[in-house]
Structure formats: C-alpha cells, structure tokens
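Undergrad: One structure is given below, represented as structure tokens, and several questions about it will come after.
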Amino acid sequence: MKTAKYLALALAAATAAPQLDGAAPRPASGGAALSTYRWGTGGCEKGLYDQWEQWVGAPVWAEDFMPKEAWNKIEGEAWQLGVWGKWRTMAPGRRLVLSVPMLVGPWDRSGPKSGPRAGEPVSLAKGAAGEYDEHFAALGRNLVKWGLEDTIVRLGWEFNGGWYTYRVESEKDARDFAAFFRRAVQAMRAAEGQKFLFCWNPAMEPWWAYDIEAAWPGDDVVDIIGLDVYDQSWMPDTYPIPAGATPEERRARQERAWEKKTANAKAFGLPWWPDFARRHGGKPLAFCEWGVCHREDGHGGGDDPYYIERMADFIDDPANNVMFHCYFDVGADDGDHLIVPDGKNRTRFPESSAAFHRCFARPGTPYEPPPFKRIW
C-alpha cells in the first residue's frame, strides 16, 4: 500500500481515552499481540485508536508511517513522535510499530526537494556505503527522547514491490539493500537507552525478481520477519466475483483465492514463511498489514469472514510463531479495509467485522461499538 495515501485527511471519532483494565494487548492463543493502523497521528489525535481499544476490550499496539519527502523528516519530529510518546504513556501495554522509509524524495530517485541534501539523487548503493547513517542515528536518538525506546522499526517495508523509492529490482539492488539495512540498524542501535526491534518486511507476493536471500540483511540485525497480505487476487476463477453470484459461488471464489494465493506453499504463500524464519534463527513472524479488501477493479474479496477466520487460524497456531499482527483498518484510496465503523464511515464488511471481533476481541467484550461523539 502506498504511503502517500496513508497520509490522507484523518477521520474523526471520540477523543476520550478508553476505560480499560490495564492488561496487555489481548493475545491470540498463539501469543500474538494485536495492533492496528487508523490514519496515524491524525487518527490518534481524533481518538480512532482509543475507539479500537474499546472495540476489542484491551489496549492495542499502533502503527504509523514516517514521511518520505526529506531526510530531516525521517529523523523524527515532535509533531509525530511527540503524539505517539504521549499516547504510549496513557495506558499500559501500548507499543508503536513505525514504518521507516530507507530513501527519500520522488520515485525516480532524483532526491529530496528540500532539507538536507536537497537535489541530491539517492540510491541504495549510497546507503550501503554509509552516506545516510547520520539520519538513522538521529531517528534512534529522537525515538528514545520521546519515550519510544521499544519501538518496532519496520525499515524499508515492502521493498520487493515496485512502488517505493527504495524498491529492490535486481540482485545488485538486493545486495545494496541488505548492506544498507545493516548500516541503518547499527546506526539506530547506537542510541543510548534504545530497545528497538527491527522488522524485515516484504510484501507477500508470489514472485521475486531476485534471490530472496540476497536481500536478507543478516540474522544479527533482523528481529522480526514481517509480511503484508490482503484479501486480493488476480488468480483465475477467484476475483472479480461476477455480478449476481450466489452466496455459494461467492464463497467458493473466496476459498479459491485463499488456497491459490495466500495459502500457496509453493509461491511464497503463508506456509512458506515459518520455514524461512526457522532457517534464520527462529525469527518470529508478524503481519504488519493485513485485511479484507474492496477494490474498485473488483480484485478484492469484499466481505469475507472466511479470510478473517483462516488468518486467525494461522496467527493463533503457536507453530507459526507470530509475534503481532496489525489490521489495516482504514478506507484507503487504493483499497477499503475498514471493519470498525468510526462515526463518519460505515463498514462495508459487516460479516468480516463480526468474525474479527469473535476471533480477536478479549473474551466477554460485547460485539457492539460504544457510543461515539461526532466532532467534525
């Protein structure tokens, strides 16, 4: 999913902090913590993360994305880190998952238009040579400064896709990416008081244009293997679901999409990754983005409780060693995933919403949203 679209105008909801009992995020039976993305700091200030905690009946972790326009922006600024530092202290059990771009400026790598190194082209090779170390060292210090010393850093997320400035498109890119990742981690770990965990996080697609191992930075600098996966498919006889399909036909296509794409062990589907993690020191897995999906082109599964239930089965299974999962609970421009009505927008996935609550909310939490004050 694209960062620029994440920074859309935040939706509105209640601003009161949830009244919770202070327990840690409700784990699935396999021990995975629950996180969500709800428009970052804008959503945090409008109470959208508090609302989600009320909905599941426990504190949750939060995810956000750093700006990628300039080097000084990814060093961390008060408008972003200050908000999360305050949020973290307001209830026990909270933690930030922070998505950090590895290169800044436009997709063409012509470099940032403002700030340090304005107009200077960027590259993975320069990062591998240490030219950007200072910016990641500054980020590490600023996270500690704002009380976010245990942040999970999602460094260069979805690098195997083609949509980010730091994209990896060849074997050489992969080697440079791995070396750059190592340097960024080492720079951030130099911050006094840090307890960061670093997440190596590809998009879970059934293809790679290079040897996956070439992009691996090393067992000593990766703490978590993250995956981004949505209920969307271009496989034959899956999506789009034909207009007028019966409920049985719809379910059959959703099941085929799961089996052919998400659960395909031969094409980097879910079953492939626990084995990969075991080959790399038994690293835990995480789903840093996941969700049901409505797409305007029809290649999303729509309201799909089957997808929610199968994801819960995988997350809950201790053999898969899933540390946390983050439901991407927004209606983004390139896909709607919203399952918790926020007072302004209704979910188009009522069955998926009920299935998610049944699978992941704290037992005994009633399936009904609390009253929210309309403030826009």
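The values are calculated or read from the model by the stated rules, or taken from the named source; none is laboratory data. If you're wondering where the values come from, they're calculated on a predicted model, not measured in any experiment. Every residue, glycine as well, gets a Cβ built from its backbone with ideal geometry; the counts of neighbours run over all protein chains shown.
Undergrad: Which residues, taken from region 84-129, are of a type in the set (F, W, Y) and either buried (at least 18 other Cβ atoms within 10 Å of the Cβ) or not in a loop (DSSP other than H, G, I, E, B) (or both)?
TA: Matches in region 84-129: W84, W87.
Undergrad: Condition first: more than 12 Å from Y306 (Cβ to Cβ), without any contact (Cβ under 8 Å) to a residue 60 or more places away in the chain and among the β-branched types (V, I, T). Now tell me which residues in region 241-267 satisfy that.
TA: T246 - this is the single residue of region 241-267 that is more than 12 Å from Y306 (Cβ to Cβ), without any contact (Cβ under 8 Å) to a residue 60 or more places away in the chain and among the β-branched types (V, I, T).
Undergrad: Which condition from (1) farther than 19 Å from N264 by Cβ; (2) at pLDDT 95 or above is the one that R253 breaks?
TA: Result: R253 fails condition (1) only.
Undergrad: For region 247-267, enumerate the residues that are within 21 Å of E289 (Cβ to Cβ) and either touching a strand residue (DSSP E or B) at 6+ places or on another chain (Cβ under 8 Å) or assigned to a helix (DSSP H, G or I) (or both).
TA: Q254, A257, W258, K260, K261, T262
Undergrad: Looking only at region 68-77, which residues are in contact with a His (Cβ under 9 Å, 6 or more places away or on another chain), of a type outside the set (F, W, Y) and not in a loop (DSSP other than H, G, I, E, B)?
TA: Correct list: N72, I74.
Undergrad: Between residues in region 216-232 that are more than 16 Å from D329 (Cα to Cα) and residues that are of a type in the set (D, E), which pairs lie under 9 Å by C-beta distance while being six or more apart or on different chains?
TA: As it stands, the answer is G226/E289; L227/E289, since those pairs meet every condition given.
Undergrad: Step by step: first the residues of region 264-297, then only those that are more than 15 Å from the chain's Cα centre (by Cα) and among the charged types (D, E, K, R), then the one that is surrounded by the most Cβ atoms within 10 Å (Cβ to Cβ). Which residue is that?
TA: K283
Undergrad: Mind listing whichever residues of region 121-146 are more than 26 Å from the chain's Cα centre (by Cα) and closer than 22 Å to E77 by Cα?
TA: E131 - this is the single residue of region 121-146 that is more than 26 Å from the chain's Cα centre (by Cα) and closer than 22 Å to E77 by Cα.
Undergrad: From the list D219, D223, D176, which one is buried (at least 21 other Cβ atoms within 10 Å of the Cβ) and at pLDDT 95 or above?
TA: Being buried (at least 21 other Cβ atoms within 10 Å of the Cβ) and at pLDDT 95 or above holds for just one of D219, D223, D176, which is D176.
Undergrad: Which of the residues that make up region 133-176 are closer than 24 Å to A209 by Cβ and touching a Phe, Trp or Tyr at 6+ places or on another chain (Cβ under 7 Å)?
TA: L155, G156, E158, F159, N160, T165, Y166, R167, V168, S170, E171, A174
Undergrad: Filter region 52-70 down to the residues that are farther than 13 Å from G40 by Cβ and of a type in the set (A, V, I, L, M), then identify the one that is surrounded by the most Cβ atoms within 10 Å (Cβ to Cβ).
TA: This residue is V60.
Each row is one residue, and each column tells you yes or no for (1) touching a Ser or Thr at 6+ places or on another chain (Cβ under 7 Å); (2) at pLDDT below 95.
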{"site": "V83", "(1), (2)": "yes, no"}
{"site": "G93", "(1), (2)": "no, yes"}
{"site": "D108", "(1), (2)": "no, no"}
{"site": "G127", "(1), (2)": "no, no"}
{"site": "Y132", "(1), (2)": "no, no"}
{"site": "L155", "(1), (2)": "no, no"}
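For (1) surrounded by fewer than 23 Cβ atoms within 10 Å (Cβ to Cβ); (2) free of Cβ contacts under 8 Å to residues at least 60 places away in the same chain; (3) more than 15 Å from the chain's Cα centre (by Cα), each residue gets a yes or a no:
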| position | (1), (2), (3) |
| --- | --- |
| H325 | no, no, no |
| H337 | no, no, no |
| F349 | no, yes, yes |
| S352 | no, no, yes |
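Undergrad: Is there a residue in region 187-196 that is under 23 Å from W71 (Cβ atoms), out of contact with any His (no Cβ under 7 Å at 6 or more places or on another chain), aromatic (F, W, Y) and not in a helix (DSSP H, G or I)?
TA: Looking through region 187-196, at least one residue is under 23 Å from W71 (Cβ atoms), out of contact with any His (no Cβ under 7 Å at 6 or more places or on another chain), aromatic (F, W, Y) and not in a helix (DSSP H, G or I).
Undergrad: Output the residue which, of all residues in region 43-67 that are of a type outside the set (A, V, I, L, M), at pLDDT below 95 and in a loop (DSSP other than H, G, I, E, B), is farthest from R95 (Cα to Cα).
TA: K46
Undergrad: Further question on the same structure: Given the conditions (1) part of a loop (DSSP other than H, G, I, E, B); (2) over 25 Å from K261 (Cβ atoms), which single one is not true for D176?
TA: With (1) part of a loop (DSSP other than H, G, I, E, B); (2) over 25 Å from K261 (Cβ atoms) applied to D176, the lone miss is (1).
Undergrad: A follow-up question, please. In region 285-315, what residues are of a type in the set (D, E, K, R) and within 23 Å of R38 (Cβ to Cβ)?
TA: E289, R295, E296, D303, D304, E309
Undergrad: Which of the residues that make up region 336-363 are touching a Lys or Arg at 6+ places or on another chain (Cβ under 7 Å) and modelled with pLDDT under 90?
TA: The one that is touching a Lys or Arg at 6+ places or on another chain (Cβ under 7 Å) and modelled with pLDDT under 90: G343.
Undergrad: On the basis of being closer than 22 Å to W163 by Cβ and at pLDDT below 95, does M1 make the cut?
TA: So M1 fits the description; yes.
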